[in-house]
Amino acid sequence: MMEGMKLQKEKLNDFLDGLRKEKYLFAPQKEGESLQFSPVSEESQVELDFQNTIIPPKNAVFPQTETLFTYQIGKLDIELPEEDRERVVLGIRPCDARAMEIIDRLFSWDEDDPYYFDKRNKAALIGLACLEPCINCFCTSFEDGGPASTAGLDVLMTAAEDIFILQPVTEKGEQLLSEQDLLETASDDEMKTVEKSHAEAAEKLQRKIDTEGIPQGLPGLWESPLWEKVSGSCLGCGICTYLCPTCHCFDIQDEVEGFDGRRCRMWDSCMFGEYTLHASGHNPRPTRRERTRNRINHKYAYFVDKFDVIACVGCGRCINYCPVNIDILNILAQVKEEL
Amino acid sequence: MVDLEKLRQTAKDIVSRDDVKHIIGWKQGTYGFRVEPHFAAEPDEADALTFSPLCTNNLATYLTLAEKLPVPRGEEPDTRKVALMVKGCDSRAVVQLLVEQGLTREGVYVVGCPCSGVVDVKKVEKMFPDILEPAQAYWKNDQIVFQLPDGEKEVSREEVLPQKCLLCRYPNPVIYDELLWDEVKAWGSEDYEDVKELEAKSPEERWDFWKDKFSSCLRCYSCRNVCPMCYCEDCVLDRLNPTWTFRSVNLSENTSYHLARAFHLAGRCIECGECERVCPVDIPLMKLNRKLYKEVVERFDYEPGIDPEATPLQASYRPDDEEDFIL
Amino acid sequence: MSKDYEPNIVAFLCNWCSYAGADLAGTSRVQYPPNINIIRVMCTGRVNPLFLVNAFQQGADSVLVSGCHPGDCHYMEGNFYARRRFTLMKELLEFIGVDPRRVNMSWVSASEGGKFKDVVEKLVKDAKDTGPFEQFRRNKINW
Ligand code: SF4
Ligand code: SF4
Ligand code: FES
């Protein structure tokens, strides 16, 4: 594997321009009030000084709304969207990259989802090591999680004083870096500093959960009064799921205007009442109790059962943004108590 | 003055009654400056209740949020009262629910907490970042005092209160069965300065302002769900037949969503500011609400959530309502 | 904007007055611009203000709600409710930046064929001045 490379911070914009030449570049930018991953253009102000974006980068490969095909009413053929371009996602946090690896498993479960993998296979992820984790981060609670974990990444980037260090992780990453001409080989000293900052970052994490036993124990708590207690204040909104980097549920709808129609899919949330509403009017998850139970079970039991990994990466978003302070670590702690 | 002893004792007395299901109040959250809604059904659960400048949530929303499942055959429906702790603004939601008959007066027991303004947690977290340890706060004259791990910090109210509190005209509950402590003196007045500022701009400038905001909306529906006045069982925005607003997230549908939300709250919004507080992408929803509030007050001389005997604004009319714009 | 831009105006007319008024304009062979697409409703009170939003989304450049004069509504008070709702929706649309000339309401009675013509002419003129509505038009560009 190629050695660590360095990039002078002042050359960042030129570096981005280089990446952008042939590829779609997604990087964190201010959109209105909030920072999110969106395509970089000439005028974009890329921001790399942040804890984490509010909206996770999953939209770079799994957009919130995506056209599957378009059609004309009364005609028999459909038109598929154009194939997507190669893309680079720069500045993604290690937890979010791990999350992408996790949802890959879902989208390739029985058959590969062509829409998802069209983007995913063409995406190179340049991660940004998380040197100042937020108070509710708990990524180190998971095997291969951590503020500088390389899981899912093609390149790991770390900010040092006036340089960025870029370490290729996969062949794709190596290829990508070798195409760039602004990089220089980093010295051993520089690499050591970076390693040290990674270790220090891991120390800064304040929250942790020992997941031992949770996946096996959750099914036994199906009827526990716990669920009623933890869901009492839930508003049934979509914040926790929309902001979660591993939540991947979608709905498919036809949208027609005049004679033009399209079938599209859009993020959906298991916390919404209509999510499980049957056409008959019956709803197997009629209250917020069942929905909350499902959210926790899906992440910490069903997903483990099917795909052998917990579908939670510890990014802390659902804790940070829940308007009524429903705290997944608190729920899990209560689960553990009941085991 | 806030008297937590009294608050907890009152709550205990209330939940001990046979005709009360539970009391909804606030308790210390799991970290930092967060407070969470607390449902106490037993006297010992009432010990966790609290009241402080951090108690932002408008709990009146829980009066209508609970799903109404069919009562199993042979069982009696639960007709016990729900007791609710309210600040001034929250109490207006109760009144408005009574006006709309979304609630019966016998169905709720209102415990009033005169309030001196609650904080905007986003502002506080900016001011004191990275505090994980649960922190507390209390009012002291014109200051709010935060008890942080490294000692107490006094901050002036202007710095940490949201706009709705700075302008608040009803800090004392307008309806209650029991008041926990003395009423406070109201401080606010409303001149709709920011609304007027935007009104003064050209249509293009106004659209430029809103376009950005609406396009960043995620349609998480948090603003709708948290709103105590949004309690339709079948929301027009969830309907598929007819589909008023497509589910896809783009500027057109998001605008349609926001127009529908704001319009449906015209003459009903009681300015509790919850919608704006919960929005993860900081869309200034109160600007839309306040614009309509202003029109409602100025044109129809109507204020929602004050008089339980009032008729809902859009279910009434005056033959001489203004119509200068009608051709 | 090109010279031959023809605006698309969606009009919700109440069955008892304005629709009859439009009909009268037709039967008395009054000439008015053909840019108006009429949707007949039983009463202006039936016009959900979201109709206006939806019309804009689907390609209207301007909208009109028209009904009986106050006091003349076939259902006694439908237009009074409609007036309140419309006032609020108009204010709201203007506040987010929709040109006020695009959101219109009128009272046209069954005998006012001439007034109907005037209203349509004014709307068409205004709509030509304001140009095509694009702000939150739901169109294929998003797809
Ligand atoms: S809370 Fe904010 S992001 Fe969510 S639907 Fe409301 S405005 Fe949109
Ligand atoms: S619209 Fe917002 S401010 Fe108004 S009542 Fe609902 S949550 Fe409160
Ligand atoms: S019937 Fe014409 S407005 Fe009601």
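The values are calculated or read from the model by the stated rules, or taken from the named source; none is laboratory data. Everything quoted here is computed from the prediction, not taken from an experiment. Cβ placement follows ideal geometry from the backbone for every residue including glycine, while neighbour counts extend to all protein chains displayed.
Results, tabulated for the structure shown:
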| item | result |
| --- | --- |
| Residue list for the range A:216-236, filter: of a type in the set (Asp, Glu) and either on the phi > 0 side of the Ramachandran plot or within 14 Å of chain B (Cβ to nearest Cβ) (or both) | A:Glu228 |
| Filter pass, A:Tyr321 being hydroxyl-bearing (Ser, Thr, Tyr) and touching a residue at least 40 places away in the same chain (Cβ under 8 Å) | yes |
| Residue, nearest to ligand 3 (Cβ to nearest atom), within the range B:51-77, restricted to residues that are more than 14 Å from every other protein chain (Cβ to nearest Cβ) and over 21 Å from B:Val121 (Cβ atoms) | B:Pro77 |
| Any chance A:Arg317 is farther than 30 Å from A:Ala151 by Cβ and not β-branched (Val, Ile, Thr) | no |
| Residue tally, condition without any contact (Cβ under 8 Å) to a residue 60 or more places away in the chain and within 9 Å of another protein chain (Cβ to nearest Cβ), over the range B:1-41 | 5 |
| Filter pass, C:Ser66 being within 11 Å of chain B (Cβ to nearest Cβ), within 10 Å of ligand 3 (Cβ to nearest atom) and in contact (Cβ under 8 Å) with a residue 12 or more places away in the chain | yes |
| Any hit, the range C:81-91, residues being closer than 16 Å to B:Leu259 by Cβ, facing chain B (nearest Cβ under 10 Å) and more than 15 Å from the chain's Cα centre (by Cα) | yes |
| Unique match (being in contact with a strand residue (DSSP E or B) (Cβ under 7 Å, 6 or more places away or on another chain) and within 7 Å of another protein chain (Cβ to nearest Cβ)) among B:Asp212, B:Asp282 | B:Asp282 |
| Those residues of the range B:284-325 which are in a helix (DSSP H, G or I) and hydrophobic (A, V, I, L, M, F, W, C), in sequence order | B:Leu285, B:Met286, B:Leu288, B:Leu292, B:Val296, B:Val297, B:Phe300, B:Leu313, B:Ala315 |
| Residue match in the range B:26-40 (condition: within 16 Å of ligand 2 (Cβ to nearest atom) and either buried (at least 18 other Cβ atoms within 10 Å of the Cβ) or not assigned by TED's automatic domain parsing to the domain that holds B:Arg224 (or both)) | yes |
| All positions within the range A:17-45 that are more than 17 Å from B:Ser216 (Cα to Cα) and either surrounded by fewer than 17 Cβ atoms within 10 Å (Cβ to Cβ) or not hydrophobic (A, V, I, L, M, F, W, C) (or both) | A:Asp17, A:Gly18, A:Arg20, A:Lys21, A:Glu22, A:Lys23, A:Tyr24, A:Ser41, A:Glu42, A:Glu43 |
| Selection count where residues are away from chain A (no Cβ under 11 Å), more than 13 Å from the chain's Cα centre (by Cα) and aliphatic (A, V, I, L, M), scope the range B:242-279 | 5 |
| Residue within the range A:203-223 that is within 17 Å of B:Leu65 (Cβ to Cβ) and either among the polar types (S, T, N, Q) or part of a helix (DSSP H, G or I) (or both) present | no |
| Of the criteria (1) within 16 Å of ligand 2 (Cβ to nearest atom); (2) surrounded by 21 or more Cβ atoms within 10 Å (Cβ to Cβ), which one B:Thr255 fails | (1) |
| Lone qualifier among B:Arg239, B:Arg261 - being basic (Lys, Arg) and within 16 Å of ligand 2 (Cβ to nearest atom) | B:Arg261 |
| Evaluation of B:Cys115 against (1) in contact with a helix residue (DSSP H, G or I) (Cβ under 6 Å, 6 or more places away or on another chain); (2) more than 19 Å from B:Glu36 (Cβ to Cβ) (one fails), failing number | (2) |
| Options C:Asp72, C:Asp61; residue that is closer than 15 Å to C:Ile38 by Cα and more than 8 Å from every other protein chain (Cβ to nearest Cβ) | C:Asp61 |
| Residue that is farthest from A:Leu226 (Cα to Cα) [pool: residues in the range A:259-289 that are in contact (Cβ under 8 Å) with a residue 40 or more places away in the chain and more than 10 Å from chain B (Cβ to nearest Cβ)] | A:Phe259 |
| Selection count where residues are closer than 18 Å to A:Asp14 by Cα and among the polar types (S, T, N, Q), scope the range A:157-211 | 4 |
| Members of the range C:122-140 that are surrounded by 14 or more Cβ atoms within 10 Å (Cβ to Cβ) and in a helix (DSSP H, G or I) | C:Lys122, C:Leu123, C:Val124, C:Asp126, C:Ala127, C:Lys128, C:Thr130 |
| Residue count, the range B:213-260 (criterion: more than 11 Å from ligand 1 (Cβ to nearest atom), hydrophobic (A, V, I, L, M, F, W, C) and closer than 16 Å to C:Leu50 by Cα) | 7 |
| Pair list, Cβ < 7 Å and 6+ apart or interchain, from the range B:263-281 residues that are at positive phi to residues that are outside any loop (DSSP other than H, G, I, E, B) and near ligand 2 (Cβ under 8 Å from one of its atoms) | B:Glu271/B:Cys89; B:Glu271/B:Lys164; B:Glu271/B:Asn289; B:Gly273/B:Lys164; B:Gly273/B:Met286 |
| Enumeration of residues in the range A:1-46 that are over 30 Å from B:Pro280 (Cβ atoms) and assigned to a strand (DSSP E or B) | A:Met5, A:Lys6, A:Leu7, A:Gln8 |
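One line per residue, one yes/no per condition, for (1) out of contact with any Pro (no Cβ under 9 Å at 6 or more places or on another chain); (2) surrounded by 15 or more Cβ atoms within 10 Å (Cβ to Cβ); (3) among the polar types (S, T, N, Q):
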| site | (1), (2), (3) |
| --- | --- |
| B:Ser116 | no, yes, yes |
| B:Ile131 | no, yes, no |
| B:Trp139 | no, yes, no |
| B:Glu159 | yes, no, no |
| B:Pro162 | yes, yes, no |
| B:Ile175 | no, yes, no |
| B:Arg206 | yes, yes, no |
